[in-house]
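The values are calculated or read from the model by the stated rules, or taken from the named source; none is laboratory data. In this text, all values refer to a predicted model and were calculated from it rather than measured experimentally. Cβ sites come from the backbone with ideal geometry, for glycine too, and all protein chains shown count toward neighbours. For accessibility, only protein heavy atoms count, side chains too; no ligands or nucleic acids. Shrake-Rupley method; radii C 1.70, N 1.55, O 1.52, S 1.80 Å.
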Amino acid sequence: MDEQVDEQVGEQVGEQVDALRRELCEYGRRAAALGLVIGTSGNLSARDGDLVVVTPSGVALDRLRPEDCPVVGLDGRVVRGERKPSSETPMHLALYRETGARAVVHTHSVFATVVASTMTELPPIHYNALLLGGAVRVAPYATYGTPELARNVIAAIEGRQAALMANHGAVTIGGGDEGGLEQAFEATRLLEWLCEVYVRALGVGRPTVLTEDQLTAVIERALQG
């Protein structure tokens, strides 16, 4: 009887993981189509319990197949799949361990990378920055795939849904039991838009940064419905 229960649980987990694999492919194609990634840059992952489905190393996101996406434990051990997990998997796993994230999206989008290469934070020049938690911090530079980079990103994203990575790119997280990957992906799109607005505003003049009082007023207005 116990063996039958274990088999049923295994089949259920397999179905959930396979669904996440298909979802990663869908969002990988969307990221490439929107120019958020180029070539094999960028990576995505989604969590189901103690398992994480991640995009593989060396495969362009617009060419992904579900079976290409390896499944790893929170300790990084590959439990399913033939391909090598993304080199940024340690950062993804650190975010899962340290936050309530259900999905992670990491891109090398143009405007996010411009801001990440020139500033220490993206200031809130538009109230939609509140959707990411406010000013977006830039994590200090560290070599990709290293524990140092993971630590820097964890510190930068605290209390936020997004962080920039110095001279590198952007990372966003999504929470909740459902729609985590959609939430993380939409946060990536919003972050790129905010970065583009800021960079283009610099070409006209000095962007005006919203004050704490102005941002508080936005929050209060939103609560009024």
Review point. Any idea which of Leu194, Leu223 is at pLDDT below 95, farther than 30 Å from Gly76 by Cα and not in a loop (DSSP other than H, G, I, E, B)?
Key: Leu223
**Study point:** Cβ-Cβ under 7 Å pairs, at least 6 apart or on other chains, region 138-164 side without any contact (Cβ under 8 Å) to a residue 60 or more places away in the chain, far side of a type in the set (Asp, Glu)
**Key:** Val138/Glu121; Ala142/Glu148; Tyr144/Glu88; Gly145/Glu88
Review point. Does Glu15 count as open to solvent by 70 Å² or more (accessible area, probe 1.4 Å) and closer than 24 Å to Thr146 by Cβ?
Key: no
Exercise for review: Assess whether Arg29 counts as being open to solvent by 30 Å² or more (accessible area, probe 1.4 Å), in a helix (DSSP H, G or I), at pLDDT 95 or above and touching an Asp or Glu at 6+ places or on another chain (Cβ under 8 Å).
Suggested key: yes
Exercise for review: Output the residues belonging to region 77-92 that are in contact with a strand residue (DSSP E or B) (Cβ under 7 Å, 6 or more places away or on another chain), outside any loop (DSSP other than H, G, I, E, B) and open to solvent by 10 Å² or more (accessible area, probe 1.4 Å).
Suggested key: Val78, Val79, Arg80, Pro85, Thr89
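Would you mind stating whether Arg97 is assigned to a helix (DSSP H, G or I), open to solvent by 10 Å² or more (accessible area, probe 1.4 Å) and out of contact with any Pro (no Cβ under 9 Å at 6 or more places or on another chain)? Write out each step before concluding.
Details: assigned to a helix (DSSP H, G or I): yes; open to solvent by 10 Å² or more (accessible area, probe 1.4 Å): yes; out of contact with any Pro (no Cβ under 9 Å at 6 or more places or on another chain): yes.
So Arg97 passes the test.
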Review point. Within the bounds of region 62-71, is there any residue that is in a helix (DSSP H, G or I), charged (D, E, K, R), buried (at least 16 other Cβ atoms within 10 Å of the Cβ) and modelled with pLDDT of 95 or more?
Key: yes
Point to revise | Which numbered condition Val59 fails, given (1) assigned to a loop (DSSP other than H, G, I, E, B); (2) open to solvent by less than 40 Å² (accessible area, probe 1.4 Å); (3) touching a strand residue (DSSP E or B) at 6+ places or on another chain (Cβ under 9 Å) | key: (3)
Check your understanding: Does region 183-191 include one or more residues that are out of contact with any Ser or Thr (no Cβ under 8 Å at 6 or more places or on another chain), more than 21 Å from Val53 (Cα to Cα), part of a loop (DSSP other than H, G, I, E, B) and modelled with pLDDT of 95 or more?
Key -> no
Review point. When the residues of region 134-181 are filtered to those that are within 26 Å of Asp48 (Cα to Cα), of a type in the set (Val, Ile, Thr) and not in a helix (DSSP H, G or I), which remaining residue is most open to solvent (accessible area, probe 1.4 Å)?
Key: Thr146
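Quick one: in region 108-129, which of the residues that are of a type in the set (Val, Ile, Thr) and open to solvent by 50 Å² or more (accessible area, probe 1.4 Å) is farthest from the chain's Cα centre (by Cα)?
Taking region 108-129 as the starting set, the residues that turn out to be of a type in the set (Val, Ile, Thr) are 110, 113-115, 118, 120, 125.
Subset that is open to solvent by 50 Å² or more (accessible area, probe 1.4 Å): 110, 114, 118, 120.
Values: Val110: 16, Val114: 18, Thr118: 21, Thr120: 19 Å.
Across region 108-129, the extreme among qualifying residues is Thr118.
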